[in-house]
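Take a look at the structure set out below.
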Amino acid sequence: MSRTERLLSLLQLLRSHRYPVSGTQLAERLDISLRTLYRDIASLQSQGAEIVGEAGVGYVLRPGFMLPPLMFSEEELEAIVLGISWVAARTDQTLGMNARSALDKITAVLPQELRETLDSHTLLVGPAAHLDEQVDAAQLRTLIRTEHKAEIRYLDLKGQASTRTIWPFALGYFEQVRIVVAWCEKRQAFRHFRADRILSLVPSNQRYPQRRQQLLKQWRKVEGSKE
């Protein structure tokens, strides 16, 4: 195992533990000496990793650490570039811009030879279909992220319009349409709303009473029971 691969493995191990893990455990998992482990931890800390702890107590990696110059395989790079290219081509302008920004950050910390591999990737994403939507996808994502209600005017498949108060907690991206997954107060049930059939959307200053992770878990359970 190269030193770069070892540092990546150490980061992954630390990320997998919410609580401090002893240096002995880390060294055993990586099959290295404690002396090498302490040197690797110091190296990661010098690159900006907020690893808290000390010998005899244990170590924990605090969240928010940016990627150091780490190695990716060629297929991992292809997956990253293809995924980001899809997001840039198939989502709204704001999300696409942030996807390209993320790729720029990854590119900036790659070793030169991998940067050249990334620049010459050959997996391409075709043109996106035009989506005729009245609703702002960035606004929807903000509502989901901040767990706020919204009032929508919705046109169903029969052409009938209705006003709903919803708790949006997920957004599904498909080739021809986007689907808002939400709890509907009018129906007192989970509902799927096509974004192109939402005639208007007014954000509420009220947060919905459950966490979106709980709603997502409940929705998955309901959908799973239908299979």
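Note on VAL57/GLN210: beta-carbon distance plugged into 1/(1 + (r/R0)^6) with R0 of 45 Å gives a FRET efficiency of 0.75. Seen against the Cα atoms of the chain and their longest principal axis, helix 137-146 is set at about 70 degrees.
Using a probe of 1.4 angstrom, how much of the accessible area of the chain is carbon and sulfur, in percent?
Working: 7070 of 14030 Å².
The nonpolar share, carbon plus sulfur, comes to 50 percent.
Axis angle, to the nearest 10 degrees, between helix 74-90 and the longest C-alpha principal axis of the chain: 20 degrees.
The calculated 222 nm mean residue ellipticity attributable to helices in the chain amounts to -13500 deg cm²/dmol, summing -39500 (n - 2.57) over DSSP H runs of n ≥ 4 and dividing by all residues. Averaged over its residues, the chain has an accessible area of 62 Å² per residue, based on protein heavy atoms and a 1.4 Å probe.
Once you keep just the Cα pairs under 8 angstrom separated by 6 or more residues, what percentage relative contact order results for segment 42-137? Relative contact order of segment 42-137: 25 percent.
What is the extension gain from LYS217 to ARG191, computed as 0.36 nm multiplied by their sequence separation minus the C-alpha to C-alpha distance, in nm to one decimal?
In short, 7.9 nm is gained.
If the chain linking GLU50 and LEU123 were pulled fully straight, counting 0.36 nm for each residue of separation and taking away their Cα-Cα distance, it would gain 22.8 nm.
Put a dot 7 Å past the Cα of THR24, heading toward its Cβ, do the same for GLN176, and the two dots end up 6.2 nm apart. Along segment 39-51 the Karplus relation, 6.51 cos²θ - 1.76 cosθ + 1.60 evaluated at θ = phi - 60°, assigns HN-Hα couplings of 5, 5, 4, 4, 5, 5, 5, 5, 8, x, 6, 8, 9 Hz to successive residues, with x for each Gly and Pro.
Here segment 181-214 is scanned for amide nitrogen atoms under 16 Å from the site 7 Å beyond the Cα of THR94 along Cα-to-Cβ, giving 201-205.
The values are calculated or read from the model by the stated rules, or taken from the named source; none is laboratory data. None of the values given here were measured: they were computed from a predicted structure. So basically every Cβ, Gly included, is an ideal-geometry build from the backbone, and we count neighbours across all protein chains shown. For accessibility, only protein heavy atoms count, side chains too; no ligands or nucleic acids. Shrake-Rupley method; radii C 1.70, N 1.55, O 1.52, S 1.80 Å.
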